[in-house]
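The values are calculated or read from the model by the stated rules, or taken from the named source; none is laboratory data. Remember, predicted model here, so these are calculated numbers, not experimental data. With ideal geometry, Cβ positions are generated from the backbone for all residues, glycine too; neighbour counts draw on all protein chains shown. Ligands, DNA and RNA are stripped out before the accessible areas are found, and what is left, the full protein with its side chains, is counted by its heavy atoms. Shrake-Rupley method; radii C 1.70, N 1.55, O 1.52, S 1.80 Å.
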Amino acid sequence: MENKWNDMYPSSNNNPSDIRQRALINEYISHHNESTRLMTRKVIRPGLSGLFAAEGNLSPGMTHSLSSSPADLMKLKSTIRDTAKRFQHKFLVNSRGSSDFIVGDTPTIADLLAYPDLAQIPQILGIDYGEWPELEELRQWLDRMAKLPYHDDVHRTATKLGKLYQSKL
């Protein structure tokens, strides 16, 4: 797979398809804080905060742990599944047609914004999207993103956090 990065947006001279691509990228950017960013705000951050709450540094009400009650774990996984399904439906299935990324056949800023929030779930929490067969398109997109150059270098910290988090369960 050849990956070229030109700029934030695909570029050419006001080609109508490029204008549509820009609009789709802008749509994702506008949607980001209330979609995939929820994974970090409502799932990852409270989970990592749980590491410190156990040591008395944070209020336990601001945290969660995968070792919580089965009901809490089901609620957490429901948040993950619902957020992932919304992203997949809106940005991977409906808008991209047969392309490999959110907009077109190469990654854009939209992919680079969405990926870390979604990839942290398996990287840090160890929760596999494979639990939900209806998220196949999401898993395929995550796999394509993970094959981009320098992926492992960029995500080294998330991998270390994941090992730390899972060792504390």
Quiz item: Any residue in region 150-164 that is over 26 Å from K90 (Cα atoms) and either in contact (Cβ under 8 Å) with a residue 60 or more places away in the chain or touching a His at 6+ places or on another chain (Cβ under 7 Å) (or both)?
Solution: yes
Quiz prompt | Odd one out for E137 among (1) at pLDDT 80 or above; (2) open to solvent by less than 50 Å² (accessible area, probe 1.4 Å); (3) in contact with a helix residue (DSSP H, G or I) (Cβ under 6 Å, 6 or more places away or on another chain) | solution = (2)
Exercise. Any chance you could count how many residues in region 141-163 are in a helix (DSSP H, G or I), open to solvent by less than 80 Å² (accessible area, probe 1.4 Å) and of a type outside the set (F, W, Y)?
Key: 9
Quiz item: (1) under 19 Å from R144 (Cβ atoms); (2) touching a Pro at 6+ places or on another chain (Cβ under 7 Å); (3) modelled with pLDDT under 65: which one isn't true of A53, the others all being true?
Solution: (1)
Quiz item: Looking at region 102-116, which of the residues that are buried (at least 21 other Cβ atoms within 10 Å of the Cβ) and within 13 Å of the chain's Cα centre (by Cα) is farthest from N26 (Cα to Cα)?
Solution: Y115
